[in-house]
Every structure is written in structure tokens, then in C-alpha cells.
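Undergrad: Could you have a look at this structure, given as C-alpha cells, before my questions?
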Amino acid sequence: MRAIFTAGLVWALIGTAAQAEQAQVAGQPVLRPPATAVPQGSSHTAGAAKPAQAGAKPPRAAKAPSTPESRSAAALALSADPVFDEGTYQRIKETLLGYAAIQVRGGWPMIAADAKLAPGASGPDVALLRKRLVISDDLAPELEAGDTYDAALVDAVKRFQLRHGLEANGGIGPLTVRALNVPVAARIKQLEASIERLLGMDFVFAERYVVVNIPAAFVEAVVNDKVERRYRVIVGKVDKPSPTLTAYITAVNLNPTWTVPLSITKNEIFRHMRKDPTYLSRMHMRVLGARDEEISPQSIDWSSDRSPNFTVRQDSGTFNALGNLKIDMPNPYSVYMHDTNTRNLFADDYRFDSHGCTRVDNVRDLAAWILDDVPGWNRAAIDAGIAAGVLKIVNLPHKMPVAWVYLTGWVTRDGTVNFREDVYKHDEALDRNALADAAAGGFVAPVPAPAAPSVPRDVKQVSNLDSR
């Protein structure tokens with residue numbers, strides 16, 4: 001069914017737990033010399049263990065190592081409902097009415113930063129927390145009475161934490177208090193801005209499609225309105241944001257080469273070559289002329305400020321910035337989904353570290369899902385093709401719709417209202433005039449396509465992007 005989203009409706013203050021805590025993350029790995037790999041489940045810091053003290057509690061059991069498979073399974077277990085489907089507009093619109101009613105009634109109470117809140121505690125702070133969670137529909141109204149931090153309250157806190165991308169431990173830490181204290185007016189603005197970003201979005205909801213929600217840093221593979229796969233992703237840095245777009249996946253490339261974008265060549269390759277003339281050779285990169293002929297790096301003036309009239313291409317291999325796999329999706333921004341040679345970053349909660357492309361955790365599994373109807377290309381074949389070390393392009397017989405959306409507030413089919421941090425500060429550009437027009441009926445909700453014929457899976461590629 002074809003759905004044309006036209007609406008006009010925030011500002012997000014709260015995101016995932018570690019997003020608020022991490023001040024720095026590693027830069028774009030492709031422009032660094034190869035380094036020793038860090039195990040995917042390892043910590044970023046290490047130190048000598050402190051000697052045990054008398055009467056000290058025994059150490060907690062070590063967590064199971066974080067792997068692409070375990071992370072993907074945990075992500076999929078969150079919900080089978082997609083973040084973006086044909087009902088997204090209508091659900092956000094209806095939720096806005098409910099949140100507006102909360103605001104009219106005075107909003108929700110603020111939780112003191114020094115409140116004594118922990119499972120088993122009791123007192124007025126706990127009673128206030130129960131009231132707060134009833135208002136946001138995390139705790140059933142009939143359970144509001146009381147001032148004890150009981151099992152029901154633990155479950156309500158976990159539900160709240162899941163909705164806001166926080167670690168669902170049932171306890172009240174600084175990040176959870178911060179999320180609890182975001183005013184309802186700010187949450188309304190998030191929902192308004194998210195629905196506004198659907199304005200004019202033209203997307204074909206096929207039987208199978210892929211959607212990336214940039215603020216949540218997840219990608220979903222959807223079949224018949226159900227999420228079959230969900231993976232962590234690394235999206236663009238704050239100063240190199242990933243764009244919102246709609247496009248079509250056309251092919252999967254095994255052992256891809258990487259043609260360095262002109263902006264990276266000009267702003268970063270030149271700088272590296274001025275410091276280290278061997279940089280290109282160490283990074284397995286070649287300089288190519290207009291006819292794809294190889295040019296000696298020594299023949300180029302790397303101190304020049306002129307725009308380069310050549311391209312830089314990185315060879316296939318484990319050192320390649322795209323890793324071992326690239327998912328082609330032609331679009332005006334020349335961005336795509338791909339593997340990475342720094343997979344340890346997927347274990348982080350703050351995953352805004354690319355130059356605009358989307359790096360996918362467990363990307364081979366996603367590729368196998370995409371190639372499901374291509375004979376001979378299951379996961380084992382993909383692994384074997386990568387092991388061969390030769391560039392292989394596997395074209396899809398039917399193009400697959402893909403959308404990169406920026407929803408800091410959204411509502412799934414089960415009624416769960418989710419929020420994430422507005423990392424790129426897009427919500428601050430909320431167009432109130434467009435919102436007013438939408439409220440007055442100037443725009444329409446998703447419009448169903450004619451009953452027949454059904455939408456073919458092989459459709460002409462289009463990319464209608466967010467105007468900002």
C-alpha cells in the first residue's frame with residue numbers, strides 16, 4: 001500500500017542512558033592507522049583489581065560477552081511492532097491529544113534529585129513516584145495508592161525506562177530522574193516535531209521493508225507489519241548527521257571497495273598526507289584519475305587548498321572502512337548501510353559516530369534477510385563469499401523500500417509512547433505554521449492506494465527527503 005504522510009507537528013531532552021553519560025566517542029576509524037581490535041564485549045577502561053576487604057560483598061558475576069547475535073536478539077525482544085508503519089501518523093496524532101489533556105490538568109509532578117527511591121523503600125517520595133507513573137500510563141491507576149516501592153512499582157519503572165531507551169533495571173538513578181522530570185510540554189513538542197517530519201514523506205510500505213530510526217540508533221527489517229530483525233546501528237556524528245530519506249535497496253556488495261567522498265578527501269586525507277606521506281599506502285588506498293588510472297601520491301601537491309581532481313579508493317579487505325559488506329541504496333546523499341572494521345563500538349549506547357552512513361551490527365544477518373528471495377544466497381553463502389576475498393555484487397530481483405527517519409517521539413501499535421534524545425537538535429526547528437495547518441485539516445493522514453493492482457515490489461526508485 002502506498003502511504004503519503006502529510007502532517008505538521010517537539011523537542012527531545014532525554015535519550016538512552018549512556019547517550020547522556022558519554023562525553024566522547026571514537027572518531028571515524030577509516031582515517032586512522034589499523035589498530036589492534038578490541039573484543040566486542042570489552043570495557044574501554046581497565047585497572048588492577050582491588051584487594052577484597054573483610055566483610056565485603058562477593059563480586060557480581062561477570063556479564064556474558066556482548067556479541068552481534070546477543071545484541072540483535074535483545075533488540076528484537078523489545079517489541080515486534082515497527083517504529084514506522086502506515087499507522088505512525090495517526091497514532092502520534094491521537095497521543096498528542098492525550099498529552100495535551102495531561103498538560104491542561106497540570107502535567108506531572110517533578111521528582112527531587114535527592115529523593116530516596118529504591119526497591120523496598122517507602123515514604124512520600126515513593127508515593128509521588130507512583131502518582132507520576134500513573135499519569136504517564138506506566139502504572140495502573142488502581143495501583144497508585146500506597147507509598148511502598150513494591151514489585152508493581154519496579155515493573156512500572158522498567159516500563160518507563162524501556163520507553164525512553166534507558167537500562168530497564170527498575171531502579172531510579174540520575175538518568176531516570178532526568179527523564180521523569182522532562183515537562184509534558186517538552187514531550188508534546190517531541191511528538192509534534194516527529195509528526196511534522198513526516199510532512200510530504202512519500203514512502204511505499206511493501207510487504208518487506210527496512211527502516212532506520214536515527215535517534216534510536218536501530219534498524220528494523222519488517223515483514224507484514226511485524227519486525228523480524230532489529231539491529232543496533234552507528235549513525236552520523238552531530239557535525240556529520242545522517243540524512244532522512246526514502247530509497248530502495250538494490251544490491252548487496254561483498255568485499256566492497258570504498259570510494260572516499262570528496263569532502264573527506266579534501267578535509268581529512270589531505271591533512272593526513274601532509275603529516276605522513278605513507279598514510280595512503282598504510283591504509284590500502286589508491287589515487288585514481290578521471291579514467292580510473294592509478295596516480296602516484298607523490299605527484300600530488302597535498303599542501304594545496306584546491307579541490308582535488310582525483311578520487312581516493314580503499315581496497316577490499318578487513319581494513320576497509322565498509323568492512324566486508326555494503327548494502328546499496330541509491331540516493332542523493334550517497335549514503336548507505338554497511339559493515340565496519342571497528343565493531344566494538346556497537347556495544348556502546350551512544351552510537352553517533354559515522355560520517356553519515358549507517359553501520360549495522362550483525363550486518364551479514366541483515367543481508368541474508370534482504371537476499372531471502374535470491375536463490376543461493378543464504379547466510380552460509382554470504383560468509384563463503386566474504387571468505388573468498390573477491391568483490392561480489394548480488395543484485396536484488398525486486399527493489400526493497402528503505403526509510404531513514406528521525407523520530408524522537410513515536411507510538412507503536414500496542415500504544416507504547418517512546419522518546420529519544422534529539423541528538424541533532426532537529427526538533428528545535430519545529431514549524432508551528434505547518435502544525436497549525438495540519439490541525440486545521442490542511443494536510444491529510446496516510447492515504448490508501450487503489451485496491452488494485454497491488455503495489456509491485458519492483459518499483460521505480462525515488463528519494464523524497466526532509467526539507468531540512
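Undergrad: Hey, can you tell me all the residues within the stretch 383-396 that are surrounded by fewer than 16 Cβ atoms within 10 Å (Cβ to Cβ), hydrophobic (A, V, I, L, M, F, W, C) and either touching a helix residue (DSSP H, G or I) at 6+ places or on another chain (Cβ under 6 Å) or in a helix (DSSP H, G or I) (or both)?
TA: 384, 387, 388
Undergrad: Of the conditions (1) open to solvent by less than 40 Å² (accessible area, probe 1.4 Å); (2) at pLDDT 95 or above, residue 197 satisfies every one except a single condition; which number is it?
TA: Among (1) open to solvent by less than 40 Å² (accessible area, probe 1.4 Å); (2) at pLDDT 95 or above, residue 197 violates only (2).
Undergrad: When only residues in the stretch 397-409 that are open to solvent by 20 Å² or more (accessible area, probe 1.4 Å) and not basic (Lys, Arg) count, which is nearest to the chain's Cα centre (by Cα)? It would help to see each step written out before you state the result.
TA: Of the residues in the stretch 397-409, the ones open to solvent by 20 Å² or more (accessible area, probe 1.4 Å) are 397-399.
From what is left, the residues that are not basic (Lys, Arg) are 397-398.
Working: 397: 27, 398: 25 Å.
Per the criteria, the residue is 398.
Undergrad: Does the stretch 217-225 contain at least one residue that is open to solvent by less than 20 Å² (accessible area, probe 1.4 Å), closer than 29 Å to residue 112 by Cβ, not in a strand (DSSP E or B) and not aromatic (Phe, Trp, Tyr)?
TA: Looking through the stretch 217-225, none of the residues is open to solvent by less than 20 Å² (accessible area, probe 1.4 Å), closer than 29 Å to residue 112 by Cβ, not in a strand (DSSP E or B) and not aromatic (Phe, Trp, Tyr).
Undergrad: Of the numbered conditions (1) out of contact with any Gly (no Cβ under 9 Å at 6 or more places or on another chain); (2) more than 30 Å from residue 366 (Cα to Cα); (3) open to solvent by less than 30 Å² (accessible area, probe 1.4 Å), residue 178 fails exactly one; give the number of that condition.
TA: Just one mismatch for residue 178, condition (3).
Undergrad: Of the residues that sit in the stretch 282-299 and are part of a loop (DSSP other than H, G, I, E, B) and open to solvent by 30 Å² or more (accessible area, probe 1.4 Å), which one is farthest from residue 209 (Cα to Cα)? Full working, then the answer.
TA: Residues of the stretch 282-299 that are part of a loop (DSSP other than H, G, I, E, B), as a first pass: 283-284, 289-293, 296.
Narrowing further to those that are open to solvent by 30 Å² or more (accessible area, probe 1.4 Å): 284, 290-293, 296.
Values: 284: 35, 290: 37, 291: 37, 292: 35, 293: 39, 296: 44 Å.
The qualifying residue farthest from residue 209 (Cα to Cα) is 296.
Undergrad: A further question on this structure: For the stretch 103-152, what are the residues that are in a loop (DSSP other than H, G, I, E, B), surrounded by 15 or more Cβ atoms within 10 Å (Cβ to Cβ) and in contact with a Phe, Trp or Tyr (Cβ under 8 Å, 6 or more places away or on another chain)?
TA: If the condition is that a residue be in a loop (DSSP other than H, G, I, E, B), surrounded by 15 or more Cβ atoms within 10 Å (Cβ to Cβ) and in contact with a Phe, Trp or Tyr (Cβ under 8 Å, 6 or more places away or on another chain), then 117, 119, 121, 136, 138 are the ones that fit.
Undergrad: While we're here: Looking at (1) surrounded by fewer than 24 Cβ atoms within 10 Å (Cβ to Cβ); (2) part of a loop (DSSP other than H, G, I, E, B); (3) of a type outside the set (Asp, Glu), which is the only condition residue 250 fails?
TA: (2)
Undergrad: Please go through the stretch 370-382 and pick out each residue that is more than 25 Å from the chain's Cα centre (by Cα) and not in a loop (DSSP other than H, G, I, E, B). Spell out how you get there, then give the answer.
TA: So the first thing to find is which residues in the stretch 370-382 are more than 25 Å from the chain's Cα centre (by Cα), and the list is 373-378, 380-381.
Correct list: 380, 381.
Undergrad: Could you check the stretch 324-347 and list, in sequence order, the residues that are within 17 Å of residue 391 (Cβ to Cβ), open to solvent by less than 40 Å² (accessible area, probe 1.4 Å) and within 19 Å of the chain's Cα centre (by Cα)?
TA: Step one: of the stretch 324-347, the residues within 17 Å of residue 391 (Cβ to Cβ) are 324-328, 336, 338-339, 341.
Applying the additional criterion that residues be open to solvent by less than 40 Å² (accessible area, probe 1.4 Å) yields 324-328, 336, 338-339.
Matches in the stretch 324-347: 325, 326, 327, 328, 336, 338, 339.
Undergrad: Where residues in the stretch 314-323 are of a type in the set (S, T, N, Q) and open to solvent by 30 Å² or more (accessible area, probe 1.4 Å), which of them is farthest from the chain's Cα centre (by Cα)? Give the steps one after another, and end with the answer.
TA: Step one: of the stretch 314-323, the residues of a type in the set (S, T, N, Q) are 314, 316, 318, 320.
Still in the running and open to solvent by 30 Å² or more (accessible area, probe 1.4 Å): 316, 318.
Working: 316: 26, 318: 24 Å.
For the stretch 314-323, the residue satisfying everything is 316.
The values are calculated or read from the model by the stated rules, or taken from the named source; none is laboratory data. Treat the numbers as computed from the prediction; the structure is a model and nothing was measured. Positions of Cβ are generated from backbone atoms using ideal geometry, with glycine treated the same way; all protein chains shown enter the neighbour counts. Just the protein is used for accessible areas: all its heavy atoms, side chains included, with ligands, DNA and RNA removed. Shrake-Rupley method; radii C 1.70, N 1.55, O 1.52, S 1.80 Å.
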